[in-house]
Amino acid sequence: MLWYSLGATEPNQWLFPVVIVVVVLLFVVWIFFSGRRNKQRQKEYVEQLEALRPGHKVKTVGGICGIVAEVCDDNTVIIETGSEATGKSFIKLDKEFIGQTDAKGPTQLAREQAEAARKAEKEQRAAEKANASKEAKPAESAAPEAPAAPVEPAEPEKPAEQPAEPEAPAEEQK
């Protein structure tokens, strides 16, 4: 009712639709970017499964940990669980049931190489910066300075509280 007292005949009817449109747009953008991230994760997961070789450590979605003993042609793997002391057992399962692995696909390897290159470049810049600052300090101290004017020693002031000593005769001073 405030708008009637200000002289307006109708309220701002455009505000509500604008807010709704902005919220819908934000939701669509969020869905778009989260979908892209999920696709990327799925691609990396598939690459990991394709990169599985005997000797890689795996953990199934059921929580069984083991080492890949053999990769079969029909999209299955045989994992070895247990130890020498307790006895080894072998489990054959689909690759889809592998939840985690230490195998790395081409995308992960490329990302790790790029990350290592960025880190090395950052360290190199920091070292160059440190060397430049070290070189600048000696250059500043080695710069020729203007010769200082000779300083004449000032006569020490006699404290006012000390009594003056009687002067010795000139003969004793020699």
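Each reported figure results from applying straightforward, stated rules to the coordinates on display, with no laboratory input. The shown structure was predicted, so the numbers you read here are calculated from the model rather than taken from an experiment. Cβ: placed from backbone, ideal geometry, glycine included. Neighbour counts: every protein chain shown.
Worth pointing out:
- Taking label positions 7 Å along the Cα-Cβ direction at both Ala114 and Ala136, the computed distance is 3.3 nm, reported to one decimal.
- Label-to-label distance, nm, for residues given as Val28 and Asp102 (7 Å Cα→Cβ offset): 4.7
- Where chymotrypsin sites (Phe, Trp or Tyr not before Pro) fall in DSSP loop in the stretch 13-83, at most 16 other Cβ within 10 Å: Trp14
- Shape of the stretch 9-91, Cα gyration tensor, a/c cut at 1.5: prolate
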